[in-house]
Every structure is written in structure tokens, then in C-alpha cells.
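Notes for the one structure printed next.
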Amino acid sequence: GFLPRFFDGLAEGGTPRSILAGFRECDPEIESRQIGMIPYEGDALSFTGARCAPWAGHRIGSDYAIQGNILVGPEVVDAMADAFERTEGSLHARLYAALAAGDAAGGDRRGRQSARLMVKKRGYGQPGTDALVDITLEDHAHPVAELGRILDVGSTLLQILRRLRAFSEASAPDKPAILDDLRAFLDDKRDRRYLDWWESLGTAYHEIGDLDDAVDAFKTYLAINPTLRVVLEAGAKQGTFPADLATRLFA
């Protein structure tokens, strides 16, 4: 594949143009390819082969390379480039803005079916993956919009995890305020996707001796999914759920 050759070429001191020349030498189908390369230093490069299906083309700029073929027209890559340039924040936020702009501009001439957004960062994700963000939708009526929804959920979970990490690292006097902030953040998130975090909130309140707020958090937990009462009751009998909490919760 081109990707390992690209990084090998950079390690050997190559430039995108010299690496592309190497691709030409090893790939007889190069004119049916599109390639985007962004080196650690220097300018990006895009290539669109002469045999790519119309409309096919690309745009490059500071820290980005956009390629597309079988698009409705050049307005797609133009919209993507403009969105990437004007969007601030994380790389995945800027990439999503570009995807959404390209989709809104007409996108693929064949219609909508799939989308993917992947960002790698050393040390993130499952061991060996370095995947900070990796979302793939193979078959969806509105894949870019759904990708954005998943990103929003992921962003929310990261904000929850940051608060829980801050709680675990804080000194005792600072812990109540962190939990109160987490409770305020969760207040409008009372559906099953956030169920575990209400449990974490209640457990954390109990850890610092705030039984009233711990009970309130677990009441919300059970309001979201009442069937979990049997799980908590079983935990109380087994000693894995605090007895003082169970007494107040199930009185």
C-alpha cells in the first residue's frame, strides 16, 4: 500500500513529489488513483489521475489535502476546503466540518451511503491502534449527519470522563464542587446512553460521604431504567452495593 511507502519515504528524507514519483514507478494503475500527502514539514501535495471518473479533482492548503472523484462538481472540494480553513478546534472537528460542507454541496454523484472519520494520535485508543477517533458508517441514509451525531455523543462522554478524572485526582475539599459540576452537566442527559454515568455520580457522592446526593443520583439512575432495581438489591445482599444507600433508596 501507499501509506507505508509514504512514511518510509519521509523517513529517508523524501518529499511528497519524490514519493509520488516512486508511486508512479511501482503502480501501473497510478492514473486511476487519487493521492493526498501532507509531510511533517513543507507543503501538502494532491494528485488526481487522468483516468479518475468525473468530476474528479483536489485542493490543498495549510495542513490539508482534499481529493474526490465521481463528485457533482468542483464546488464540493471548494466547500470542504473553505470549511476546514474557517473551523477552529480539534482536528476531528475541522475534518467533520469539511465532510459536512462537502455533503451539503452535493457530495458524491452516486448519492449517500457511507462515511468515515479517523484521527490517530500516539498512545490513544485500544493498545496498538493510536486511534483517537475512528468512526465508520458502511450503510446509512444520511451517513455524514449520523457521523456528526456520534461525534457529539463522544464529545459529551469525554467531558464526563474529564470531570471524573479531575475528581479522582482532586484533594478532599475540592471533590464536592467537581461532583456538583458533573451533576449539573448530566442534568439534561437522562437517557440510557448516560445511565452508567449517573451510577458513577452516585458512587462518587457516596465515596465522599454525601449520602443525600448519592441517593438522588441513584434515583435518577432507576428512573432511567427501573429494571435495574433488582440488580442494586442483589448487590446490597451480596455486599457490593452500600447498605446505607440501599436502605435509603428502597425504603
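Ordering A141, V119, L161 by Cα displacement along the dipole of the stretch 110-184 toward the positive end leaves V119 in first place; charges were set at the Cβ atoms of Lys, Arg (+1) and Asp, Glu (-1). Working note: Debye formula, equal point scatterers on the alpha-carbon atoms of the stretch 37-89, no solvent; log10 I(q)/I(0) at q = 0.14 Å⁻¹ is -0.38. Need one word for the stretch 144-251: rounded, prolate or oblate. Basis is the Cα gyration tensor (sqrt eigenvalues a ≥ b ≥ c); a/c below 1.5 gives rounded, then a/b vs b/c decides. Taking the square roots of the gyration eigenvalues as a ≥ b ≥ c, the stretch 144-251 is oblate.
Quick check on the stretch 64-138: take the gyration tensor over C-alpha atoms, sort the square-rooted eigenvalues as a ≥ b ≥ c, and tell me if it's rounded (a/c under 1.5), prolate or oblate.
Oblate.
Summed over the residues of the stretch 177-251 and divided among them, the accessible surface reaches 55 Å² per residue at a probe radius of 1.4 Å. Looking at the stretch 91-194, the chymotrypsin sites (Phe, Trp or Tyr not before Pro) that sit in a DSSP loop and have at most 15 other Cβ atoms within 10 Å of their own Cβ are Y124. The phi-based Karplus calculation (6.51 cos²θ - 1.76 cosθ + 1.60; θ = phi - 60°) puts the 3J(HN,Hα) values of the stretch 194-210 at 10, 4, 4, 6, 5, 5, 4, 5, x, 5, 5, 4, 5, 4, 8, x, 9 Hz, whole numbers, x for Gly and Pro.
Using a simple charge model, +1 on the beta-carbon of Lys and Arg, -1 on the beta-carbon of Asp and Glu, nothing else, what dipole does the stretch 175-251 show about its Cα centre, in debye to the nearest 20?
So the dipole magnitude of the stretch 175-251 works out to roughly 340 debye.
Within the shell defined by Cβ-Cβ distances under 13 Å, the residues around L211 carry a net charge of -4, with Lys and Arg each +1 and Asp and Glu each -1.
Straight-line cross-link reach from K175 at under 22 Å between alpha-carbon atoms covers these lysines, not counting any fewer than eight positions away in the same chain: K189, K219. Counting heavy atoms of the protein chains alone, C26 has an accessible area of about 60 Å² for a 1.4 Å probe. For the listed peptides 207-219, 131-143, a ranking on the average number of other beta carbons within 10 Å per residue, highest first, reads 207-219, 131-143.
Along the stretch 102-113 the Karplus relation, 6.51 cos²θ - 1.76 cosθ + 1.60 evaluated at θ = phi - 60°, assigns HN-Hα couplings of x, 5, 5, 7, x, x, 6, 4, 7, x, 9, 8 Hz to successive residues, with x for each Gly and Pro. Annotation for the stretch 1-80: GluC sites (Glu not before Pro) lying in DSSP loop with at most 12 further Cβ atoms inside 10 Å of their Cβ are E12, E29, E41. About the centre of its Cα atoms, the chain shows a dipole size close to 440 debye [charges on the beta carbon of Lys, Arg (+1) and Asp, Glu (-1) only; nearest 20 debye].
Accessible surface comparison of R110, R59, R190, probe 1.4 Å, protein chains only, largest first: the order is R110, R190, R59. Structural descriptor for the stretch 174-232: relative contact order 33 percent, calculated from alpha carbon pairs under 8 angstrom and at least 6 residues apart. Carbon-plus-sulfur accessible fraction, the chain (probe radius 1.4 Å, protein heavy atoms only): 50%. Placing +1 on the Cβ of each Lys and Arg and -1 on the Cβ of each Asp and Glu in the stretch 1-51, which of Q34, F23, A11 has its Cα farthest towards the positive end of the resulting dipole? Checked the options; the winner is Q34. Once you order the gyration tensor axes a ≥ b ≥ c over the Cα atoms, which shape class does the stretch 109-172 get: rounded for a/c under 1.5, otherwise prolate or oblate by comparing a/b with b/c? Cα axes put the stretch 109-172 in the oblate bin.
For Rg/Rh (Cα atoms, Kirkwood Rh), which listed value, (i) 0.96; (ii) 1.13; (iii) 1.08, comes from the coordinates shown? Recomputing Rg/Rh (Cα atoms, Kirkwood Rh) here picks out (ii).
Each residue of the stretch 25-42 was assigned a 3J(HN,Hα) from its phi angle through the Karplus expression (A = 6.51, B = -1.76, C = 1.60, θ = phi - 60°), giving 6, 9, 10, x, 9, 4, 6, 9, 9, 10, 9, x, 10, 10, x, 4, 9, x Hz with x at Gly and Pro.
Take the Cα of R5, go 7 Å toward its beta carbon, and the backbone nitrogen atoms of the stretch 45-89 under 15 Å from that spot belong to 47-49.
The values are calculated or read from the model by the stated rules, or taken from the named source; none is laboratory data. Because the structure is predicted, anything quoted here is derived from the model rather than measured. Don't worry about glycine lacking a Cβ; one is built from the backbone with ideal geometry, like all the others, and counts go over all protein chains shown. Accessible surface is based on the protein model in full, side chains and every heavy atom, while ligands, DNA and RNA are left aside. Shrake-Rupley method; radii C 1.70, N 1.55, O 1.52, S 1.80 Å.
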